[in-house]
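As C-alpha cells, the structure follows; a few thoughts come after it.
The values are calculated or read from the model by the stated rules, or taken from the named source; none is laboratory data. These numbers come from a predicted model, not from an experiment. A quick note on method: Cβ atoms are made from the backbone with ideal geometry, for glycine too, and the neighbour counts reach across all protein chains shown.
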Amino acid sequence: MFDYRTMIATNRFGLGARPGEAAAASNDPRGWLREQLEDPGASVLDARGLKPAHEALADWYEFQSARRVVQKEKQGDEDAVRKALAGLEKPREAFVRELLARTRFSVETPRSFRERLVRFWSNHFTVSTTQNSVVPIAGAFEREAIRPHVTGFFSELLIAAETHTAMLLYLDNARSVGPNSPGGRRRGRGLNENLAREILELHTVGVDGGYSQEDVTSFAKILTGWTVGGPREKNHSGRTWFDARRHEPGAHSVMGKKYAEAGAEQFLHVLRDLSLKPETARFVATKLARHFISDAPPKAAVERLARVYLDSAGNLKTVSAELVNLEEAWVEQPTKFKTPEEFQLSVYRGLDGTRVHARAMRDMYQSLGQAAFSAPSPQGWPDEESAWLGPVAVKKRLEWSQSIASRLNRRADPREFLAQAMGVSASERTRFMVAGADSMKQGLTLAMMSPEFQRR
C-alpha cells in the first residue's frame, strides 16, 4: 500500500492519483514532483480543433452582428432566428470544445502537479464568462497566457495575462480612454480603473500592498491605449493592440515611481517593477502556501517562499521547487478541503478518465457550483474550506457521486479505486465500509464520499 508521502505528492500537489501513478511516484515523491517542473511541454494540451483567441473573438463578432440583423428581420420569431444562425460558429460551442479539451487533459496528464499550477495561476488571473465577450476566449486565455508561463518568471506571466484580449475585455480596459488623449477630447469618453485596481489588489502587491487611490488612477492612465480590436478595425479585429489615440499622454507615478511617457511600453515598465516588489513576493507566497499547505499557512513557510521569490527575481520554477521542499507541505494529516473542481477531477483520475463519457465531463462543473471559467468576481474561486463545506454542498457531492457510480455499471472496483487513489491515507474504517458494501455502486460512493477522499 502506497505511503503517505506518495499520496501527498499525487493528491496535495497533484490532482489525484491515476491508476499506476502512485507507483511511479513512490520511489522518490519529491523528485517526481521536481521532474515535472523541468518539462515545459507537460503544460501544453492538444489544441487541435481549438482556435486562437483572436479568431474565436472574430467569430463572436460575426455571430453577434448576424444575430442583430436576423432578429430585426424575423421580428421575434426565435425558431426562425435559430435556423438563420445555424451555420455560424456560436460562442458557447467554442467554449464547450475548450472545456472538454481542458478537462480531458487534466484527467489524463501524468504531470498533474504542473496542471495544478496551471489551475492555480488561472484562478489567480481570473477571467470569467460572466462577461459575455469572454465566453468564446476564456479557454484560449488559459492556453495562451497561463500554460506557457507557469514555470517561467512571474513578470512574463503577468504581462501575458494582463495584455491578453480576455483580460482587457473582462476588466473593461478595452473601453478605457485617456481624457486628454486625442480620442478622449474628441469623444468625451473617459477612464476605466477596473484593470488597474485589480492588478494591484488581486494580481501583484495585494490589498494591503501600500498603494493609494491616486496610484490606481495614475496606473489607469498608463493603461489607456491597450485595447482590443473591434469588428470594424480590420487590421486588429479580435486582437490586442495599442491605440496611441486613446492613450493618456505624459508621465505618471505609481507607488512612488514616476514613469516617463513611453507609449505601449509605459504599461510594461510598471508591470515589471510590480513583479519584483517585496509586497508582490509576499502576496504570491501567501496564496501558494494557502493553496498547498493550509487555509492558515505557517508564517515561516510564507516568509521562506517570499525570500526565494525575491532572490530568484520571481522565477516560478524555483519558487515551486521550494514549495516542494517545505516540510510544512508534507504533514500526513490532510489540511485542505477539495473544491468541487478538485473533487471531480480526482474522481475521474482515480477511475481512469477513459471510462468517463465526454458529456459527463462537460456537465461536471455545473452540478457542484463551480462552473469552469465562471467565477463570480475577479477574485476568482475561494481557496478556503468554509466556502465549500456545508450541508447543501455535501448533499450535491453525494448525489453526483451516486450518479457517477451508477454510470460506471460495475466497471470499477471500489477497493481498487481506494487503493490507487488514497493508499494508506484511507482509514481502516473507510476500507472496512467499502469492502463490506452491498454493491459496487455503494462501495464506490462510500469511497468517493469518505472524509479522506474529500481532503488532500
Check your understanding: Quick check, is I222 closer than 18 Å to T126 by Cβ, surrounded by 14 or more Cβ atoms within 10 Å (Cβ to Cβ), of a type in the set (V, I, T) and in contact (Cβ under 8 Å) with a residue 12 or more places away in the chain?
Key -> no
Revision key, fill the gap. Within region 246-264, the residues that are assigned to a helix (DSSP H, G or I) and either loosely packed, with under 14 Cβ neighbours inside 10 Å or of a type outside the set (D, E, K, R) (or both) are A264
**Study point:** Which numbered condition P91 misses (of (1) of a type outside the set (A, V, I, L, M); (2) out of contact with any Lys or Arg (no Cβ under 7 Å at 6 or more places or on another chain); (3) over 27 Å from E233 (Cα atoms))
**Key:** (3)
Check your understanding: Among (1) in a helix (DSSP H, G or I); (2) under 30 Å from V205 (Cβ atoms), where does E93 come up short?
Key -> (2)
Check your understanding: In this structure, does E342 turn out to be closer than 28 Å to Q131 by Cα, modelled with pLDDT of 95 or more and either touching a helix residue (DSSP H, G or I) at 6+ places or on another chain (Cβ under 8 Å) or aromatic (F, W, Y) (or both)?
Key -> no
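For region 399-456, enumerate the residues that are of a type in the set (F, W, Y), assigned to a helix (DSSP H, G or I) and either crowded, with 22+ Cβ neighbours inside 10 Å or in contact with a helix residue (DSSP H, G or I) (Cβ under 9 Å, 6 or more places away or on another chain) (or both).
Matches in region 399-456: W400, F417.
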Exercise for review: With the checklist (1) within 30 Å of Q454 (Cα to Cα); (2) not in a loop (DSSP other than H, G, I, E, B) in hand, flag the one item A56 doesn't pass.
Suggested key: (1)
Review point. Looking at region 265-324, which of its residues are assigned to a helix (DSSP H, G or I), without any contact (Cβ under 8 Å) to a residue 12 or more places away in the chain and among the polar types (S, T, N, Q)?
Key: T318
Point to revise | Test result for Q71, loosely packed, with under 15 Cβ neighbours inside 10 Å and over 27 Å from A372 (Cβ atoms) | key: no
Review point. Of all residues in region 130-155, how many are under 18 Å from N315 (Cβ atoms), assigned to a helix (DSSP H, G or I) and touching a residue at least 40 places away in the same chain (Cβ under 8 Å)?
Key: 5
